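Chemist: Input: one structure, supplied below.
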Amino acid sequence: MFIGHFAVGFASKRAAPRASLGVLMAAPLFLDLLWPIFLIAGIESVRIDPGNTAFTPLDLHDYPWSHSLATSVAWSLIVAALFWAATRYGRGAVVVAVGVFSHFVLDFVTHRPDMPLYPGSPTSVGLGLWNSREGTMAVEVTMFVVGVAMYARATRAINKRGAFALWSLVVFLVLFYAGNAFGPPPPSVDVIKYGGLTGWLFVPWAWWIDRNREMRAAPAAAPARTGEGMTAS
Ligand SMILES: [Zn+2]
């Protein structure tokens, strides 16, 4: 799954308004942020195998540290603990934990059974939505539209950058996704490894969006009465 993970990031702003979208986006992307690093380090590997499923030309046969069930739970606890230590924002930490783990859940739905339960596990799981290109795109595009709409309704731009930063990311992701879905397979594993690192760019990009938008005000409270708060003389 690709843009579906972004949908989770956008949607989670409403659940944790005081957390930056940069963090809220990094959480559901986190396993895929680790993956190219682990590929480069040589502790995970990938093969290019056009037709592996209808949607992806990748044979994801070896990614137990970034994408197994057990390590996904561990990453979600670690990232949430770091976030809590830095911010003491408990609600945000819960949303971050759920966000990181949501990556496993969404990949479980889309990948063929190639996600191990733990490193070294003989059992791998996956429901294989990727066997249907139309099914994959229907689910992911719907999620993306809902997630972006939730974010756009929950926040408003405080300047022109606030609109530009958001909508340029949305357009970029749609084009990138279309390129993935309809374009040729990547030319080499190196392109996957080093190209995958560009995923990290989405973290400062989302942070930049957040800096230039604010939560829309809740429905106005009753105006304060004159004299309230004055101390007796
Ligand atoms: Zn993934």
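The values are calculated or read from the model by the stated rules, or taken from the named source; none is laboratory data. Bear in mind the structure is a predicted one, so any value in this text is a computation, not a measurement. Backbone-built Cβ (ideal geometry, glycine too); neighbour counts: all protein chains shown.
Chemist: Answer with yes or no whether G4 is within 12 Å of the ligand (Cβ to nearest atom) and touching a residue at least 60 places away in the same chain (Cβ under 8 Å).
Modeler: Yes: the conditions hold for G4.
Chemist: Let me ask something else. Take the residues in the range 10-28 that are in a helix (DSSP H, G or I) and surrounded by fewer than 24 Cβ atoms within 10 Å (Cβ to Cβ); name whichever of them is farthest from the ligand (Cβ to nearest atom).
Modeler: Looking at residues that are in a helix (DSSP H, G or I) and surrounded by fewer than 24 Cβ atoms within 10 Å (Cβ to Cβ), I get R14.
Chemist: Working carefully through the options L33, L77, L69, L58, find the one that is at pLDDT below 95 and more than 21 Å from R211 (Cα to Cα).
Modeler: Going through L33, L77, L69, L58 in turn, just one is at pLDDT below 95 and more than 21 Å from R211 (Cα to Cα): L58.
Chemist: Scanning for something within 17 Å of the chain's Cα centre (by Cα) and of a type in the set (S, T, Y), does the range 7-24 turn up at least one residue?
Modeler: Yes, the conditions are met somewhere in the range 7-24.
Chemist: Identify the single condition in (1) closer than 17 Å to L21 by Cβ; (2) in contact with a strand residue (DSSP E or B) (Cβ under 8 Å, 6 or more places away or on another chain) that D59 does not satisfy, given that it satisfies every other one.
Modeler: (1)
Chemist: Identify the single condition in (1) in contact with a helix residue (DSSP H, G or I) (Cβ under 7 Å, 6 or more places away or on another chain); (2) within 28 Å of E44 (Cβ to Cβ) that D62 does not satisfy, given that it satisfies every other one.
Modeler: (1)
Chemist: Check off (1) away from the ligand (no atom under 15 Å from the Cβ); (2) out of contact with any Lys or Arg (no Cβ under 7 Å at 6 or more places or on another chain); (3) part of a helix (DSSP H, G or I); (4) among the hydrophobic types (A, V, I, L, M, F, W, C) for W35 and give me the number that stays unchecked.
Modeler: (1)
Chemist: Name the residues in the range 38-78 that are away from the ligand (no atom under 14 Å from the Cβ) and in contact with a Ser or Thr (Cβ under 7 Å, 6 or more places away or on another chain), would you?
Modeler: The one that is away from the ligand (no atom under 14 Å from the Cβ) and in contact with a Ser or Thr (Cβ under 7 Å, 6 or more places away or on another chain): A54.
Chemist: While we're here: Can you work out which of the residues in the range 124-180 that are aromatic (F, W, Y) and out of contact with any Ser or Thr (no Cβ under 7 Å at 6 or more places or on another chain) is nearest to A19 (Cα to Cα)?
Modeler: Y151
Chemist: So which residues in the range 189-220 are more than 21 Å from I40 (Cβ to Cβ) and in a helix (DSSP H, G or I), if there are any at all?
Modeler: Residues satisfying the conditions are W205, A206, W207, W208, I209, D210, R211.
Chemist: Restricting to the range 5-47, what's the tally of residues that are more than 23 Å from D62 (Cβ to Cβ) and either out of contact with any Pro (no Cβ under 7 Å at 6 or more places or on another chain) or of a type in the set (D, E) (or both)?
Modeler: Going through the range 5-47 one residue at a time, the tally reaches 19.
Chemist: Just checking, does the range 116-126 include any residue being at positive phi, in contact with an Asp or Glu (Cβ under 7 Å, 6 or more places away or on another chain) and within 13 Å of the ligand (Cβ to nearest atom)? Write out each step before concluding.
Modeler: Keep residues of the range 116-126 that are at positive phi, which gives 120, 126.
Then keep just the ones that are in contact with an Asp or Glu (Cβ under 7 Å, 6 or more places away or on another chain); that gives 126.
With within 13 Å of the ligand (Cβ to nearest atom) added as a condition, the list becomes 126.
Yes, there is a match, as at least one residue in the range 116-126 is at positive phi, in contact with an Asp or Glu (Cβ under 7 Å, 6 or more places away or on another chain) and within 13 Å of the ligand (Cβ to nearest atom).
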